[in-house]
Amino acid sequence: MDARPYESMPTLPGALPLLGHWPEIIHDVFGFLERAAERADVVGVRFVHQRAVITHDPAMIQHVLQQSPRLYTKSRNYAGMKKVVGEGLLTSEGEFWKRQRKLAQPAFHHAKLRGITRTMVSATEDMLARWRTWEDGQPFDLHEEMMRVTLRIAGLSLFGADLDGDAREIGSALGVILPWVNGIIQDPFRPPLWVPTRENRALREALATLDRLVYRIVEERRRNDPEHTRDDLLSMLMGAVDEGGGRMTDRQLRDEILTAVLAGHETTANALAWTGMLLARHPDVGARVEREASAVLGDRSPSVDDLTKLELCDRVVSESLRLYPPAWEFEREAIADDVAAGWRIPKGTVVMIAPWTLHRSPRFWDDPARFDPDRFLPERSVGRPRYVYLPFGDGPRVCIGKAFAMMEAKLLLAMMAREVRFELEPGAHVRPEPSVTLRARGGVPMRFRRVASAARFLDQTTSA
């Protein structure tokens, strides 16, 4: 059958002359995506002069991400992020990306999980020991706490550097960088970075903060391990030699380290914060998680062997990622004419894939707005298309840290649930903020509540 022309594709009503759908997506991006999902599985839209397709068709998504990835590149909307992380794995393309991915892949190999687990557990135990000094009912921001502990885990696991003392400074820098990147996407007419506006000056200061951190890590490693004998990502990158005998420049190291620091803790912290909020709103599920964690772990520290036994924790994290995917929307731009799922995709067309609406489509999910971890039981997952659940993307550019992130999220959730009952501050209204990643606007305000069975941990802390 002949492919259908792009011009016959269902379109989203409401496009304005010249501007197209751009004002609507800026004003209410979630509403815009939801309206597109209701219109059809494949919808044509326009942003000023940019042609785009919003797809909720699993066949088209599979084609773009898995079957024909060489015909697509990341869209120009990643230009703002490239100004932050340069040519790191997140933003680089082509042969350079393949080389860097090959270099980094062994750092995330399954064989390393046992050692990484010990780092995750130790950092989480330190956090929980600090929590045990709190009074019952003390208010705290779960998102801030998750950012702090996942940053420490990323630093120790990937670079052998304890970044706990830098958490506040890094958090402040990200508070400037992420809104700036998002602003570049929303407003293509913003002044370039070299124009000394207040926002641009703040961005340069934030980037300088992160650069100082990264170059400090590199310098300390060169001083303490000049032969690159450590078995972590940083040593692999610093010790790598290309075909011409050259090593990565400091700038290349900076880009990869910064990418790993940002991607290695920001998204997992977001996922855990949303998970805590969902359990606070569904205390029956929270009680089930506590019982599983106590039954599997008892009073001891977790190990990698416990991961397969934390079945409910796995489903809870998966359901949290369904409802609040950190990568809530991503894009690919056609670099050549293509045919996807029976539609002609002209060169230059941006294909928009939105897990935010894909994960909430009633076509693929029963009662999609409901928090129901058991929808991920094997018997309830039969027949569900693979490409309707994309918390980590898919294809050759699937998130390199997928296994790392899932392991970290399950371990932290189990260790927290064994001691803490998730309870939101009275009157708290936690709303998603569609930034570069899906953050909670204003954080996730919680009240600290110790579960009854956690008294034994408190005794251990005070006796120590």
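The values are calculated or read from the model by the stated rules, or taken from the named source; none is laboratory data. Keep in mind that what you see is a predicted model, and the values were worked out from it rather than measured. As a convention, Cβ positions derive from the backbone with ideal geometry for all residues, glycine included, and neighbour counts pool all protein chains shown. With ligands, DNA and RNA removed, areas are computed over all heavy atoms of the protein, side chains included. Shrake-Rupley method; radii C 1.70, N 1.55, O 1.52, S 1.80 Å.
Report the Cα-based extents of region 86-135 along its three principal axes, largest first, to the nearest Å.
Largest first, region 86-135 extends 53, 27, 9 Å along its Cα principal axes.
So what does PHE30 come to for accessible area, using a 1.4 Å probe and Å² rounded to 10?
30
In whole angstrom, how long is each semi-axis of the equivalent ellipsoid of region 1-116, when you take the square root of 5 times every eigenvalue of its Cα gyration tensor and sort them from largest down?
34, 19, 15
Give me the one-decimal Kirkwood hydrodynamic radius in Å for region 212-320, with the sum taken over alpha-carbon pairs.
17.3
Using 0.36 nm per residue of separation minus the Cα-Cα distance, give me the extension gain between ARG212 and ARG441 in nm, one decimal.
Result for the pair: 79.6 nm of gain on full extension.
How many nm is it between the label spots at GLU227 and ARG4, if each spot is 7 Å from the Cα in line with the beta carbon?
6.4
Whole number please: convex hull volume per residue, Cα atoms of the chain, in Å³.
164
How charged is the neighbourhood of GLY401? Take every other residue with its Cβ under 13 Å from the Cβ of GLY401, and add Lys/Arg as +1 and Asp/Glu as -1.
+1
Given points 7 Å out from each Cα along the Cα-Cβ axis, report the PHE189 to ASP28 separation in nanometres with one decimal.
Output for this residue pair reads 2.3 nm.
Antiparallel versus total DSSP beta bridges in the chain: what percent is that, nearest 5?
Bridges in the chain are about 80 percent antiparallel.
Enumerate the calculated ³J(HN,Hα) couplings along region 436-443 in order (Karplus 6.51 cos²θ - 1.76 cosθ + 1.60, θ = phi - 60°), each rounded to whole Hz, writing x wherever the residue is Gly or Pro.
Listing the rounded values in order: 4, 10, 8, 8, 8, 5, x, x Hz.
Length gain on complete extension for the stretch ASP284 to LYS402, per 0.36 nm per residue less the alpha carbon to alpha carbon distance?
Using 0.36 nm per residue and subtracting the Cα-Cα distance, I get 39.7 nm.
Please report, to one decimal in angstroms, the Kirkwood hydrodynamic radius of region 286-379 built from all distinct Cα-Cα pairs.
One over the average 1/r among Cα pairs gives 16.4 Å for region 286-379.
Calculate the FRET efficiency for THR73 and GLU243 from the Cβ-Cβ distance with a Förster distance of 22 Å, rounded to the nearest 0.05.
The value I calculate is 0.35.
For region 38-196, what number results from the quotient of the Cα radius of gyration and 2.2 N^0.38 Å?
The reported ratio for this selection is 1.37.
Let's test the formula: R0 of 35 Å, r as the Cβ-Cβ distance of GLU220 and ALA129. What FRET efficiency results, to the nearest 0.05?
After rounding, the FRET efficiency stands at 0.85.
Under the 0.36 nm per residue contour assumption, what length would be gained going from the current alpha-carbon distance of PHE96 and GLN138 to full extension?
Extra length from PHE96 to GLN138 when fully extended: 10.2 nm.
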